[in-house]
Amino acid sequence: MTDDQAIELIEREFKEKTLGATEQYLEIHNPIYADNKLKIARIDREAKADYIIAYLPVIGEQFYFAVYINTSTNEITNIGTEAFHQVYFIATSEILTAKELTAITKLKPTESWNKGDLRKNGKSNHKYNSFKILPNPEPDEFEDKLKKLLDFLEQDNDGIKRLVEIADGYIQIAMDIHNGNGMIGGPTIDSDDIRRMNELKLSINFDLYVSGNSFKE
C-alpha cells in the first residue's frame, strides 16, 4: 500500500465514519487538512507484518490520531490516539561547558546550551550547561522510541557512562497524552530495555501531561 492509497483510505473513513471510534474521536477533535488533503505526520511501516500505522496531527494539540491499517485486506482496523513522546538523553553540569560535555562522547548532540543562554520560549535563561540527544523526533510508540534511543547510545557505551558519572546523564521522557475518559494508560519498559539501561548506568525520568477533550457521553 502506497502513502497515497493509505491517505485515500483514511479520508474516506473520516467522511463515512464506518467505525464507531471514528465518530467518537471526530466529535471532539479534528485532523489537519492542507490544500484539501489530509495531513499525515508519519506512516509507520515498522509495525507488525501486514500492518501500518498512520499518525495524523490534531488541530491545537500535540498528540496524534493513530490509524491502524491492515495492508492485506486494505481495511482500517482501529482508530485511536498516540501520545506526543519525547525520549532523549540529557547531561548537565554547572562546571563543564556544553562544548566540554559534548566532547566526552563521539555521539552528535541534537541540541546544546550554556548557562545564561536564552531558552527557546524567549522568556527565561538556562540555569545549567547541558546537551541532549534526541535521535527519533518523529511520531512513534514510546517503546519503539526508547529502543531506538538505546540503539543510538550504545554506539558509545564508554562516553555515555562517563557522562552519567560526571554530568548527571539520564534518559528524560516527556509525554503529552490525550485524556478522553480519564484512563490514560502508561508506558511499558520490557526487561531487555531495563537490562540495557542498567549496563549504561542510566536512570529514567518521566514527565506526563494530559490534554485534549473528553469523549461525549
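Summary of values
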item	result
Residue identified as of a type in the set (A, V, I, L, M) and either under 18 Å from GLU138 (Cβ atoms) or in the same structural domain as LYS201 (by TED's automatic domain parsing) (or both) among LEU9, LEU107, LEU26, LEU19	LEU107
Condition check for GLY116: in contact with a helix residue (DSSP H, G or I) (Cβ under 8 Å, 6 or more places away or on another chain), outside the structural domain of GLU61 (by TED's automatic domain parsing), over 18 Å from PHE63 (Cα atoms) and not aliphatic (A, V, I, L, M)	no
Residues satisfying the stated conditions in segment 57-74, i.e. free of Cβ contacts under 8 Å to residues at least 40 places away in the same chain and of a type outside the set (A, V, I, L, M)	PRO57, GLY60, TYR68, ASN70, SER72, THR73
Residue list for segment 187-217, filter: farther than 20 Å from PHE131 by Cβ and in contact with a strand residue (DSSP E or B) (Cβ under 8 Å, 6 or more places away or on another chain)	PRO187, ILE189, PHE206, LEU208, TYR209, VAL210, SER211, GLY212
Segment 22-58, subset more than 20 Å from the chain's Cα centre (by Cα) and assigned to a strand (DSSP E or B), residue surrounded by the fewest Cβ atoms within 10 Å (Cβ to Cβ)	ALA34
Elements of type helices (runs of 4 or more DSSP H) in segment 136-217, at least 3 residues being exposed (fewer than 15 other Cβ atoms within 10 Å of the Cβ)	157-167, 191-199
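The values are calculated or read from the model by the stated rules, or taken from the named source; none is laboratory data. This is a predicted model, so every value here is computed, not measured. Cβ sites come from the backbone with ideal geometry, for glycine too, and all protein chains shown count toward neighbours.
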